[in-house]
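The values are calculated or read from the model by the stated rules, or taken from the named source; none is laboratory data. The shown structure was predicted, so the numbers you read here are calculated from the model rather than taken from an experiment. Don't worry about glycine lacking a Cβ; one is built from the backbone with ideal geometry, like all the others, and counts go over all protein chains shown. Note: areas computed on protein heavy atoms with side chains; ligands, DNA, RNA excluded. Shrake-Rupley method; radii C 1.70, N 1.55, O 1.52, S 1.80 Å.
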Amino acid sequence: MNDWILPAIQQLHRGAFLIVKGNPMTIGWAQFGVIWGKLCCTVYVRDSRYTYELLKTAEDFMISFPAEGTFEKELIKCGTYSGKDVDKMALCDMSFNPDGLGIAGCSIHLKARILQRRELSPETLDEQLRKQYYRGGGAHTAYIAEIVEVRTEEIS
């Protein structure tokens, strides 16, 4: 039933696409588990990202996980360019699946409904991690969301 979780976790260190209001952003951090009796994922977005602005008014988001060895250039571009300045879907020559669930050609797609937003303070983080991840300042917000739809696809 949830045989997609391990492949999704294994793909995270290579990147996945967090999609909010049609804007894809590359993520490498997420968690999966059960909270409040619901299968959930938690994603983390830095306050300097355009996606953070989009998430302020979003009710949901999607995550598309590429199969290993695919979408490598697209993941770099979606992690480098801002959706405020460029249409990343056009820049990467990507399209959404016909039903709108995720990016065409990816192997795992999740739709998640936001249940809670929680700002994380760098000041309360382990000192070594704070030095590694917050040299330039800023903070992350954690978005805990119920996974309401999952689709997996065989990619040849």
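Quick one: count up the residues across the stretch 1-60 that are more than 13 Å from the chain's Cα centre (by Cα), of a type outside the set (D, E, K, R) and part of a loop (DSSP other than H, G, I, E, B).
Residues meeting the conditions: 8.
Just one of the numbered conditions (1) open to solvent by less than 80 Å² (accessible area, probe 1.4 Å); (2) assigned to a helix (DSSP H, G or I); (3) over 18 Å from residue 23 (Cα atoms); (4) not basic (Lys, Arg) is not true of residue 123; which one?
If we test residue 123 against (1) open to solvent by less than 80 Å² (accessible area, probe 1.4 Å); (2) assigned to a helix (DSSP H, G or I); (3) over 18 Å from residue 23 (Cα atoms); (4) not basic (Lys, Arg), just (1) comes out false.
For the stretch 22-54, give me the residue count where each residue is more than 26 Å from residue 154 (Cα to Cα) and either open to solvent by 40 Å² or more (accessible area, probe 1.4 Å) or touching a residue at least 60 places away in the same chain (Cβ under 8 Å) (or both).
Here is the first cut: in the stretch 22-54, the residues more than 26 Å from residue 154 (Cα to Cα) are 34-38, 44-54.
Add one more test, that the residue is either open to solvent by 40 Å² or more (accessible area, probe 1.4 Å) or touching a residue at least 60 places away in the same chain (Cβ under 8 Å) (or both), and what stays is 34-38, 44-50, 52-53.
Residues that pass the stated criteria total 14.
Quick one: count up the residues across the stretch 76-113 that are open to solvent by 20 Å² or more (accessible area, probe 1.4 Å), among the aliphatic types (A, V, I, L, M) and assigned to a loop (DSSP other than H, G, I, E, B).
Within the stretch 76-113, residues that are open to solvent by 20 Å² or more (accessible area, probe 1.4 Å), among the aliphatic types (A, V, I, L, M) and assigned to a loop (DSSP other than H, G, I, E, B) number 3.
Can residue 71 be described as of a type in the set (A, V, I, L, M, F, W, C), over 14 Å from the mean Cα position of the chain (by Cα), farther than 23 Å from residue 135 by Cβ and surrounded by 19 or more Cβ atoms within 10 Å (Cβ to Cβ)?
Numbers: of a type in the set (A, V, I, L, M, F, W, C): yes; over 14 Å from the mean Cα position of the chain (by Cα): yes; farther than 23 Å from residue 135 by Cβ: yes; surrounded by 19 or more Cβ atoms within 10 Å (Cβ to Cβ): yes.
Here the answer is yes, as residue 71 does meet what is asked.
Among the residues of the stretch 127-141, which ones are open to solvent by 80 Å² or more (accessible area, probe 1.4 Å) and assigned to a helix (DSSP H, G or I)?
127, 128, 131, 132, 133
What residue, of 46, 14, is under 21 Å from residue 72 (Cβ atoms) and either at pLDDT below 95 or of a type in the set (Lys, Arg) (or both)?
Details: 46 fails: under 21 Å from residue 72 (Cβ atoms).
Step by step, each of 46, 14 is checked, and only 14 is under 21 Å from residue 72 (Cβ atoms) and either at pLDDT below 95 or of a type in the set (Lys, Arg) (or both).
Can you find a residue that is in contact with a Ser or Thr (Cβ under 9 Å, 6 or more places away or on another chain), modelled with pLDDT of 85 or more and among the charged types (D, E, K, R) anywhere in the stretch 104-112? First the steps, then the outcome.
Kept after step one, since they are in contact with a Ser or Thr (Cβ under 9 Å, 6 or more places away or on another chain), are these residues of the stretch 104-112: 104-110.
Within this subset, residues satisfying the condition of being modelled with pLDDT of 85 or more are 104-110.
Next, only the ones that are among the charged types (D, E, K, R) stay: none.
So far as the stretch 104-112 goes, no, none of its residues is in contact with a Ser or Thr (Cβ under 9 Å, 6 or more places away or on another chain), modelled with pLDDT of 85 or more and among the charged types (D, E, K, R).
What are the residues in the stretch 118-147 that are touching a strand residue (DSSP E or B) at 6+ places or on another chain (Cβ under 9 Å) and of a type in the set (A, V, I, L, M), if any?
Answer for the stretch 118-147, where residues must be touching a strand residue (DSSP E or B) at 6+ places or on another chain (Cβ under 9 Å) and of a type in the set (A, V, I, L, M): 120, 139, 142, 144, 145, 147.
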